[in-house]
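What follows draws every value from the coordinates through simple rules; no lab data is involved. None of these values were measured; they are calculated from a predicted model. Methodologically, a virtual Cβ is constructed for each residue, glycine included, from the backbone with ideal geometry; neighbour enumeration extends over all protein chains shown.
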Amino acid sequence: MTRHVAVLEGDGIGPEVARAAVQVMQAAVGDPAALEVGWHPFGWSAYEAGGEAFPDATRAACLAADAVFFGAVGAPGTLPPEVPRPERALLELRASLGTWANLRPVRPHPALLDASPLRRERVLGTDILFVRELTGGLYFGPKESHPDRASDTAEYSVGEIERVIRQAADLARGRSGRLTSVDKANVLATSRLWRQTTDRVIAEDYPDITLEHVLVDAMAMHLIARPATFDVVVTSNLFGDILTDEAAMLTGSLGMLPSASVGDGERGLYEPVHGTAPDIAGRGIANPYGAMRSMVWMLRLSLGLSEAADRLDQALDDAVAAGSHTPDLGGRATTADVVRDVLARLDER
Ligand code: NAD
Ligand code: IPM
Ligand code: MN
C-alpha cells in the first residue's frame, strides 16, 4: 500500500527544514514504493506567485493525503492592510484537516543540557508533553477591525474542551498518569468552562489520573523553576502557543521542537514549532531537528510505519549525541551537515 504525504514547504526556513526532513524520512522508510510525496504551494510564496496563500489545489491535495507535512509560514515585514496575513492560511489548514489537538513534546537531549540558558540541574529529567487545543479559542472567534478599535473574541464549547482533555488524559495514561491543565480561570469565562469541564471528564472517566490546575501566569514561572515536575500539560490555543516557545528553550533551541496535530481520523498534520526565522533564512544554517522529529511522529501516528519511525528517532538522537549541532545550539553544523550525519546514522543501523 502506497501512503501519500502532502508537503507544504511554505516560507523562510520552511523549505530548508522541510527538504532536510523529507530526505531523512525517506531514507528511514527505505522502500521508495511505500511512500509518495507531493509538494504543494502554500503561504506567502504561494500568495506572491498566484494570489492565494492556501490555493484550492493545495487544500484538495491535503485532504486526499494520509498525512500533511508543513514547514513554516510568514511574510517579510509589515503588510499593507488590504493584504491578508499568510499565517491565516495555516489556521485554515488546521481547521480544514480538523486537527484539533497539537502535541508538542519537550524532551531535552542529554548532549544539549548545557545549550539551554537554564542551569543543567534544572533541566535534567524534563520530559513534558504539551497538548495544545488547536482549532478554537481566541484564534478562531469573531474578529473586528476598525480604524479606531479592534477586537478578538475567545470562544470555547464544552465539546471542544472535552475532546482535547480526553486526548490529553489518554496520553497521560500511557505515561506517568499526571495531567496539568493550564488556564486563566480567575479572569476568563472560557477558562472557567475549561476547568469545570476538565474536572467533570476526569472525575467521570479518568479516576486513575492525577489532575492539577495551574494558572497560566504561574505556569510561565514554574516551567523555568521546576520543569522536570510536569508530565502532560493541556491548555488552550493561545496559551499553548506561548508556553511551548518558552519551554523550547529547555531543549536549547526553538529549532528542536517538533509537533503532531491530530483530530478524529488517522490523517495528521506535522510541523516544527518554529516559524520562518527571517534572521537566518537562506543561509543554510537552520536547525532541522524539529522538522525531522515531526517526521517521526508522522510515520508513527498517520502512516503506521513504526519501525521506520523508531529508526529515525534513534538516528536523530545519535546525531545530536555525536555533536551534529547547528549554530542556534552553539555548534557549527549547517543544515546539510545535519542531513548527512543523520543519513550516516541511519546507514549504521
Ligand atoms: P521564529 O520562530 O521564526 O524565530 C524566532 C527565533 O528563533 C529567531 O531568532 C530564529 O532565528 C530562531 N529560530 C527559529 N527556528 C529556528 C531553527 N529551526 N533554527 C535556528 N534558529 C531558529 O519566530 P518569529 O521571528 O517571531 O516569526 C517570524 C515569522 O514566522 C513571522 O511571520 C511569524 O508569523 C511566523 N511564524 C510562523 C510559524 C509557523 O509557520 N508555524 C510559527 C511561528 C512564527
Ligand atoms: C505556531 C505559530 C502559529 C500559531 C502562527 C504562525 C499562526 O506561532 O504554530 O506556533 O500561533 O499557531
Ligand atoms: Mn507559535
Label-point gap, in nm, between residue 229 and residue 155 - each point 7 angstrom along Cα→Cβ = 3.8 nm
request  = Convert each backbone phi in region 26-35 into a coupling constant with the Karplus relation 6.51 cos²θ - 1.76 cosθ + 1.60 (shift: θ = phi - 60°), then list the ³J(HN,Hα) values in order as whole Hz, x for Gly and Pro.
outcome  = 5, 5, 5, 6, x, 6, x, 7, 6, 9
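If R0 is 51 Å, what FRET efficiency do you get for residue 145 and residue 124 from their C-beta distance, rounded to 0.05?
Working: r = 46 Å, r/R0 = 0.91.
That gives a FRET efficiency of 0.65.
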task = Starting from the exponent 0.38 and prefactor 2.2 Å, build the expected Rg for region 1-153 from its residue count and divide its actual Cα Rg by it.
result = 1.26
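Run the numbers for residue 343 and residue 49: contour at 0.36 nm per residue of separation, minus the present Cα-Cα distance, in nm. List each step's numbers first, then the result.
Details: separation 294, 0.36 × 294 = 105.84 nm, distance 3.34 nm.
Result for the pair: 102.5 nm of gain on full extension.
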task = Take the Cβ-Cβ distance between residue 218 and residue 33 as r, set R0 to 41 Å, and report the resulting FRET efficiency rounded to the nearest 0.05.
result = 0.20
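Highest mean first, what order results for 95-102, 46-53 on Cβ atoms within 10 Å?
Working: 95-102: 19.9, 46-53: 16.6.
Per-residue Cβ counts within 10 Å, averaged per peptide and sorted highest first, yield 95-102, 46-53.
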request  = Describe numerically, in nm with one decimal, the distance between label points set 7 Å from Cα along Cα→Cβ at residue 310 and at residue 78.
outcome  = 5.4 nm
query = Once every DSSP H run of n ≥ 4 in the chain is given -39500 (n - 2.57) and the sum is divided by its residues, what mean residue ellipticity at 222 nm do you get, rounded to the nearest 500 deg cm²/dmol?
reply = -13000 deg cm²/dmol
query = How are the C-alpha pair distances of the chain spread across 20 Å bins, as whole percents from the shortest bin up?
reply = 30, 60, 9, 0
In sequence order, calculated HN-Hα J values of region 117-124 (Karplus, 6.51, -1.76, 1.60; Hz; x Gly/Pro) = x, 7, 5, 4, 5, 6, 6, 3
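Per residue Cα convex hull volume for region 253-349, in cubic angstrom?
On the way: hull volume 8.6 nm³, N = 97.
Enclosed volume per residue, from the Cα hull, is 89 Å³.
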ask   = Residue by residue through region 7-24, which ³J(HN,Hα) values in whole Hz follow from phi under the Karplus form 6.51 cos²θ - 1.76 cosθ + 1.60 (θ = phi - 60°), with glycine and proline marked x?
value = 10, 10, 6, x, 10, x, 7, x, x, 5, 7, 5, 5, 4, 5, 5, 4, 6
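At a Förster radius of 25 Å, what calculated FRET efficiency corresponds to the Cβ-Cβ distance of residue 170 and residue 200, to the nearest 0.05? Walk me through the intermediate numbers first.
On the way: r = 16 Å, r/R0 = 0.65.
Approximately 0.95, to the nearest 0.05.
Give me the dipole magnitude in Debye, nearest 20, for the chain about the Cα centre, with unit charges on the beta carbon: positive for Lys and Arg, negative for Asp and Glu. Intermediate results must be reported in sequence, preceding the final value.
On the way: 33 positive and 48 negative charges, 109 e Å.
Dipole size: approximately 520 debye.
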query = Can you list residues whose amide H is under 5 Å from residue 141's amide H, if they're 5+ apart or on another chain and H is modeled 1.01 Å from N?
reply = 153, 155
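Tell me the volume per residue, in Å³, of the convex hull enclosing the alpha carbons of region 117-251. Before the final figure, lay out the partial values.
Working: hull volume 15.4 nm³, N = 135.
Per residue, the Cα convex hull of region 117-251 comes to 114 Å³.
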query = Just 267, 149, 59 to compare: in a GNM of the chain, with alpha carbon springs under 10 Å, which one fluctuates most?
reply = 149
